[in-house]
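These notes concern the structure reproduced below.
Each reported figure results from applying straightforward, stated rules to the coordinates on display, with no laboratory input. As the structure is a prediction and not an experimental result, all values here were calculated from the model. Please note: Cβ atoms are built from the backbone with ideal geometry, for glycine as well, and neighbour counts cover all protein chains shown.
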């Protein structure tokens, strides 16, 4: 598929949907990284700043830079009260606009499967991190059924419709991430799976928030008839039964990797 098919341009819609999921997974990811305070961080593919804000709140960095190809997402990131100390700029993950060794930590949060050449992006993160620094990432386990959109994707497949995958979806596999990190010359490479749950007040909230914040679904849904779209909604509703209060809860899984540059 063409990369242009998945574009994140609405920071507010992204915040309601993926921003919340990102922070749920990001909290566990940061616990696992366990790096000391006072470091210089680079958030590659920072989007609307959801994870960047979490880094500032949880890790007491001395500096945080975020780059992303979407100016609309960056505008939302700059509006975050908890991310005012960060610097946000447009940038390409495969050609980072920073000097060699400029950071102590470089991370990709839910990004690697969107990068056309993941190995080039990892090499760039390695380049801009100092010797002994940390390079890490986490990505939804799309191929293993852990994606936040899996309730819709499984029902689309049951209807004979193949959902759109990110261009480098294979890079989200644990084994692929581990190999990318090792091929980049990183040491002490470790991986883990992150499991999180999210609760929506109702099925209608889940449906509206998910569709509004999921550009990867838009081409597929736009091609469906109104009858098929209603059938999809009905099938997803049956897959996600509400509790006695009407709440919808389900889990998602992400694969994570970290490694260090050699001293």
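For this structure, a couple of remarks:
- Leading residue by the ranking (surrounded by the most Cβ atoms within 10 Å (Cβ to Cβ)) among those in the stretch 36-52 that are free of Cβ contacts under 8 Å to residues at least 60 places away in the same chain and over 14 Å from the mean Cα position of the chain (by Cα): 38
- Taken together, 58, 84 contain a single residue that is under 26 Å from residue 198 (Cα atoms) and surrounded by fewer than 20 Cβ atoms within 10 Å (Cβ to Cβ), which is 58.
For every residue, the table says whether it meets (1) in contact (Cβ under 8 Å) with a residue 60 or more places away in the chain; (2) over 17 Å from the mean Cα position of the chain (by Cα).
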residue: 107; (1), (2): yes, no
residue: 111; (1), (2): yes, no
residue: 131; (1), (2): yes, yes
residue: 137; (1), (2): yes, no
residue: 157; (1), (2): no, yes
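- In the stretch 177-188, residue nearest to the chain's Cα centre (by Cα) [restricted to those that are in contact (Cβ under 8 Å) with a residue 40 or more places away in the chain and surrounded by 15 or more Cβ atoms within 10 Å (Cβ to Cβ)]: 177
Table: residues versus (1) within 17 Å of the chain's Cα centre (by Cα); (2) free of Cβ contacts under 8 Å to residues at least 60 places away in the same chain.
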position	(1), (2)
153	no, yes
164	yes, no
190	no, no
200	no, yes
226	no, yes
231	no, no
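- Residue count for the stretch 221-263 under the criterion of being within 30 Å of residue 112 (Cβ to Cβ), in contact with a helix residue (DSSP H, G or I) (Cβ under 8 Å, 6 or more places away or on another chain) and not in a loop (DSSP other than H, G, I, E, B): the result is 13.
- When the stretch 196-217 is filtered for residues that are surrounded by 14 or more Cβ atoms within 10 Å (Cβ to Cβ) and under 16 Å from residue 147 (Cα atoms), the ones remaining, listed by number, are 196, 198, 206, 207, 209, 210, 211, 213, 214, 215, 216, 217.
- Residues in the stretch 110-123 that are surrounded by fewer than 24 Cβ atoms within 10 Å (Cβ to Cβ) and farther than 17 Å from residue 142 by Cβ: 117, 119, 120, 123.
- Checklist (1) surrounded by fewer than 17 Cβ atoms within 10 Å (Cβ to Cβ); (2) closer than 25 Å to residue 259 by Cα; (3) touching a helix residue (DSSP H, G or I) at 6+ places or on another chain (Cβ under 7 Å) applied to residue 93, failing item: (1)
- Restricted to the stretch 206-224, and to residues there that are in contact (Cβ under 8 Å) with a residue 12 or more places away in the chain and more than 19 Å from the chain's Cα centre (by Cα), the residue that is farthest from residue 140 (Cα to Cα) is 224.
- Among (1) crowded, with 18+ Cβ neighbours inside 10 Å; (2) closer than 20 Å to residue 110 by Cα - the single one residue 155 does not satisfy: (2)
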